[in-house]
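Let me begin by presenting the structure, written as structure tokens, before commenting on it.
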Amino acid sequence: MYKEGEVRIPSGCAISAVISRYGNKMTGEKIIESMIPMHDRSNGLGGGFAAYGIYPDHKDEYALHIFFNDKYRIEECERILKDNFEITKAEIIPTRKIPEITDEPIIMRYFVLPFASLLKSLQLDEKEFVVRVVMKINTEVNGAYVFSSGKNMGAFKAGGFPEDVGKYYKLDEYEGYAWTAHGRYPTNTPGWWGGAHPFGLLDYTIVHNGDISSYDANRRFIEMFGYKCTLQTDTEVITYIADYLVRRQGLSFEETASVIAAPFWKTIKNKPEKEREKLKYLRMVFPSLLITGPFSIILGFNGGLMALNDRLKLRSMVVGEKDDKVFIASEEAAIRTMDINAENIYSPMGGEPVIIKVKEGKY
Amino acid sequence: MSIDYIYSEFEVVRNQNRCTNCRACEKQCANGVHYFDNDKKIMLADESKCVNCQRCVSFCPTHALKIVKSDCSFRENANWSEQTIKEIYKQANSGGVLLSSMGNPNKLPVYFDRILINASQVTNPSIDPLREPMETKVFLGKKPSSIKRDENGEIINNLTPQLELSIPVMFAAMSYGSVSYNTHKSLAMAASKLGILYNTGEGGLHEDFYVYGDNTIVQVASGRFGVHEKYLEAGKAIEIKMGQGAKPGIGGHLPGTKIVGDVSRTRMIPEGSDAISPAPHHDIYSIEDLRQLVYSLKEATKYKKPIIVKVATVHNIAAIASGIARSGADIIAIDGFRGGTGAAPTRIRDNVGIPVELALAAVDKRLRAEGIRNNISLIVGGSIRSAADVVKAIALGADACYIGTAALLALGCHLCRACQIGKCNWGIATQNPELVKRLDPELGSKRLINLMTAWKHEIKEFMGSMGINSIEALRGNRLMLRGIGLNQKELDILGISHAGE
Amino acid sequence: MITIDAKNTRFDSLNETIRNSNDDVEIVNCLGQRFIGAGLSNKSLTIKGTPGNALGAYLNGANIEIYGNVQDAVGDTMNDGEIIVHGSIGDAAGYAMRGGKIFVKGNAGYRAGIHMKAYKEKIPVLVIGGTTGSFLGEYQAGGIIIVLGIDSKKNIVGNFPCTGMHGGKMLLRSTCDKISFPKNVNTRAATKEDLDEVITYIKEFCKCFGYNESEILNEKWTLVSPDSNNPYKQMYVQN
């Protein structure tokens, strides 16, 4: 059986997220529980979480989470890391042995800082440099896979149901101001852990539900800019698109949403002039980054979340709030699990982004 | 009779029981096939003149006529076909270069027919194009590589001029002179009603058609016929013709017999004088010279028109396209070896160039590998025959398609491939006023609109079945394609998997 | 008249300034800027220095006078106007020129007057004071090419003149003994009537560069004209 990257595997999913607008910390307990009522949206072939604000002691370093098939890959990979980074800490990510999760790889965590002299000589900014090293490891070191690479955040994922994956990674012991979760329903997969979601690059993580029809158009475009879609999954390509538009092109999250879920030309035509011109411009400049087919995604980033449905709203997505918290999930039941008294529950329109940012200075 | 006698290729079969001697066939045939025999009081035919254009068949009021391929055959073998033998006789008799028209008719692989299209089942939904929005609009032109903002953080519109098309199909270059006034008028009227563009070809633009300027691409070829400042300003875009799929590396040559009246004035050469387009542009002997021509046209039109560079698909097309993408051109048009022509040496037409499907795949891949696909839009032509071909071309990576032969068929062309004779009974490839009149531009444009409307529906059906509701998401989406009966090399070049994979 | 110092200016901004000027323009320190006067209709340009390629492309009525040499493709597809060069010009001058006049004091490079055409009263004229390179008047379909060979010891034109010529005419101020012309053209000694037809252009040339008209005329001339408007008619057989 082929793993992700060797063949394209469509999948359906459950997604869930919570964020505190004031940056108040929460353990992973609630987000794990939220996945239980959506159990049947996953099929046990992958689950995962992303957590923001969890490494306050290393908040200025990049936290790399890496899967290794065996210990020999560690040496090979660490050689690359040492060539490029100052490694301030390296450790095995602590896990809980549970019968539901088996066949585990070696899972390491490194806190790193790029060498300033290298950045200068390569004329690269820090983030671009990190992206290139991550791409290098993931494409060149067979058996090593960087699945998380942002500052003060981390992705945790594995084969299995999401609620078991959360337990396995001891996420109840982490505290973050924002969490996203994903339960996967792939049509087929040997259960390679790297293929589970969220998918992350720098601090951008995506959890996503749906099987997009624009995949290869998006992939072949984004690969022009140094990204390599090694997993052939929708989530991977959407993450790269977000990174390209937000980080490299400097678009706002709203603008990014109107590229990937661009309004129909008819809708654009009826907008007020200034907005019309802007929407038209964005759609004309980035036609190949329009994503079609069903999707609901939650994009996590340092300081916020963005939730977005495809423009026909072919997937379910519900938003609710309570006090400082905002909840997003595939089903209302998941939100009610996190807070039974959640208010203002609604389903955003197709293509209408929901962007929640933590108050400045609070994360 | 004699050594150079060749039995007619076609026979006219007349059902004498139905024939009323109305002589309609005689009036319809500019080649002079039909005549009335006063002694016998019946219609007879000189079949040696017949090109099988089906005009008489279509216009016989009693349906008394049919044209059949003659069964008078040589002793053929697999190596020496009848066609090959006849060609030798013709050359031995005349000493002439064989001259043909329309596209390569030979049995070479048609890759479009070896590609199958995907559809959604279960994992994502198909979309019903009759009820849900389905977008086919495209913009052609260079896209900026980065977003610029003003001091207030507002995005600055830094887009260079773009061509807006309601569907990714345009009418290919066919010059006034090689085709008739009414053909151009039909194409221009249809393009403006459809929200697409037609292309003047290299013969200039008749003054009557300046009103269709917003739906016109004006072409500049090596002969520079009819090229002047007003002409360059007239269209929405300018196309530099470097080559043509039907005759790569060969120039154009419109015989003096077609340079009459308005054609002469439009081309600005005297009546009866041959219109010769040399094979190369004599100011372009190298790729940096192309940049010079591109920018001279931009300067002359104050950077308001996108520049298209049209080339034939030859072996090294990917590298050539990459050079063009860096020349300042906004759009590249590649024309495959099945593309039509009003006249081309037979040997060139049938032996030079490569299939557009392979060229397109190679060009799109190369431009992406170099990270410059966004610098340029890609139009493909050279026998796009149906909506299915359009969808496959877009999925392979094209932004839009040119159709030439298909458009002429809509106007009545029966593909008799005798354009070079100038006696087109359908009023298309002729300058004879009596024949030109036969093509009614109102009806012609209506038929073109019908064809494009039908294709648009079909394109939407394909997209809907793939779960794609905007053509942008189909462009370059090769995962939607599978090969059938292709070898690994062919699949690699096309960048697609085999059916079943 | 406004004066533009073109030093270190790129062609696009120089040409924009020219287009936007309401007055005639003098360009000094011109060095390699391309497309000067492209499509220009109602202005006079004076250029000091060496303008770049495609000077006066699609020129549409403007006058350009250059004090210096000119590079390749001057007057490409020019429609109307006048280009006067106090120096020599590069290759492919007057390519597909369809109207207007080009006067050159010095020599021309290869393929001068290629594919010049004409229609009724619209007749382009190219006058070269010195000699020309090979392929003069290639595919010439109309218009008048005059070469004077003033003070020249070389052949007045290079090799293969008039290849594919099928219209217009050429007047060469030489007996052309050593020149080999292709079969598709006729050559003969020019008569006074032949010269009278083009006398206005010769006068204009002399006026531009200060030559004595009778000295120029007082020489043996050759007239070249195409044999047929349809040089390739016999080449093909319908298939």
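Applying the Karplus parametrisation 6.51 cos²θ - 1.76 cosθ + 1.60 with θ = phi - 60° to the phi angles of the range A:25-42, what ³J(HN,Hα) value in whole Hz is obtained for each residue in order, glycine and proline being reported as x?
With coefficients 6.51, -1.76 and 1.60, one gets 7, 10, 7, x, 4, 5, 5, 5, 4, 4, 7, 5, x, 9, 3, 6, 7, 10 Hz.
Quick one: in the range A:11-357, what % of C-alpha pairs are over 27 Å apart?
Cα-Cα pairs in the range A:11-357 separated by more than 27 Å: 42 percent.
Based on other C-beta atoms within 10 Å, arrange C:CYS176, A:CYS13 from fewest to most.
Ordered by Cβ neighbours within 10 Å, fewest first: C:CYS176, A:CYS13.
Count the DSSP beta bridges whose two residues both fall in chain B, then state the antiparallel fraction as a percent rounded to the nearest 5.
45 percent
How large is ³J(HN,Hα) for each residue in the range A:261-277, as worked out from phi by the Karplus curve 6.51 cos²θ - 1.76 cosθ + 1.60 (θ = phi - 60°), to whole Hz, x for Gly and Pro?
Per-residue couplings from phi come out as 10, 3, x, 4, 4, 5, 5, 4, 4, 8, 7, x, 3, 4, 5, 4, 4 Hz.
In sequence order, what are the phi-derived ³J(HN,Hα) couplings for the range C:44-51 according to the Karplus relation 6.51 cos²θ - 1.76 cosθ + 1.60 with θ = phi - 60°, rounded to whole Hz, with x for glycine and proline?
Couplings: 10, 10, 10, 10, 10, x, 10, x Hz.
What aspartates and glutamates could a cross-link reach from A:LYS71, if we take a straight Cα to Cα line under 14 Å and drop same-chain neighbours fewer than 8 places away?
Partners within reach: A:GLU91, A:GLU104.
Under a Cβ-only charge scheme (Lys and Arg +1, Asp and Glu -1), can you give me the dipole magnitude of chain B about the Cα centre, in debye to the nearest 20?
360 debye
Considering chain A as a Gaussian network with a 10 Å cut-off on Cα pairs, which listed residue, A:PRO198, A:PRO353, A:PRO94, attains the greatest mean-square fluctuation?
Among A:PRO198, A:PRO353, A:PRO94, the largest mean-square fluctuation in the Gaussian network model of chain A belongs to A:PRO94.
Would you please give the FRET efficiency between A:LEU124 and B:SER146, computed as 1/(1 + (r/R0)^6) with r the Cβ-Cβ distance and R0 = 22 Å, to the nearest 0.05?
With R0 = 22 Å, the Cβ-Cβ based efficiency is 0.85.
Among the listed pairs B:LYS148/B:LYS193; A:LYS271/B:LYS298; A:LYS322/A:LYS362; B:LYS27/B:LYS66, give every one whose C-alpha distance is greater than 27 Å.
B:LYS148/B:LYS193; A:LYS271/B:LYS298
For each of B:HIS228, A:HIS182, count neighbouring Cβ atoms within 10 Å of the residue's Cβ, then give the residues from fewest to most.
B:HIS228, A:HIS182
What per residue convex hull volume, in Å³, comes out for the range B:173-472 when only alpha-carbon positions are used?
121 Å³
What ratio of Cα Rg to 2.2 N^0.38 Å holds for the protein assembly as shown?
Its radius of gyration relative to the 2.2 N^0.38 Å reference: 1.11.
Antiparallel as a % of all DSSP beta bridges within the protein assembly as shown, to the nearest 5?
Around 60 percent antiparallel, to the nearest 5.
Where in the range B:30-72 is the amide nitrogen less than 12 Å from a point lying 7 Å along the Cα-to-Cβ axis of B:GLU82?
Once the point is set 7 Å along Cα→Cβ of B:GLU82, B:68-72 turn out to lie under 12 Å by backbone N, inside the range B:30-72.
What are the aspartates and glutamates whose alpha-carbon lies under 18 Å from the alpha-carbon of A:LYS313, with same-chain residues fewer than 8 places away excluded?
A:ASP211, A:ASP234, A:GLU254, A:GLU331, A:GLU332, A:GLU352, B:ASP128, B:GLU132, B:GLU135
Taking a label point 7 Å from the Cα of B:ARG385 along the Cα→Cβ vector, which residues of the range B:224-261 have an amide N closer than 20 Å to it?
Taking a point 7 Å out along Cα→Cβ of B:ARG385, the residues of the range B:224-261 whose backbone N falls under 20 Å are B:245-247.
So for A:LYS167, C:LYS183, A:LYS269, B:LYS392, fewest C-beta neighbours within 10 Å to most, what's the order?
C:LYS183, A:LYS269, A:LYS167, B:LYS392
Under 5 Å between amide H atoms, partner at least 5 residues away or on a different chain: which partners does C:ILE47 have, H built in plane at 1.01 Å?
C:ILE27, C:GLU65, C:ILE66, C:TYR67
List the residues, sorted by chain then number, that are 5 or more residues from B:ILE332 or on another chain and whose placed amide H is less than 5 Å from its amide H.
B:VAL309, B:SER377, B:LEU378, B:ILE379
Of the candidates C:ASP24, C:ASP76, C:ASP196, which one comes out as most mobile in a Gaussian network treatment of chain C with C-alpha springs shorter than 10 Å?
Fluctuation is largest for C:ASP196.
So which cysteines in chain B don't have a second cysteine's C-beta under 4.7 Å from them?
B:CYS19, B:CYS22, B:CYS29, B:CYS50, B:CYS60, B:CYS72, B:CYS401, B:CYS413, B:CYS419, B:CYS424
Report the local net charge at C:THR3: Lys and Arg +1, Asp and Glu -1, summed over other residues whose C-beta lies under 11 Å from its C-beta.
-3
Skipping prolines and chain starts, which residues have an amide H placed within reach, meaning under 5 Å, of the one on C:ILE102, given they are 5 or more residues away or on another chain?
Hits under the 5 Å cutoff: C:ILE83, C:VAL125, C:LEU126, C:VAL127.
Net charge near B:SER73: determine it from the other residues with C-beta under 15 Å of the C-beta of B:SER73, scoring Lys and Arg +1 and Asp and Glu -1.
Net local charge, B:SER73 excluded: -2.
FYI, it's all coordinate maths here, none of it is from the lab. Computed from a predicted model, the values in this text were never measured in an experiment. Positions of Cβ are backbone-derived with ideal geometry, glycine not excepted, and every protein chain shown enters the neighbour counts.
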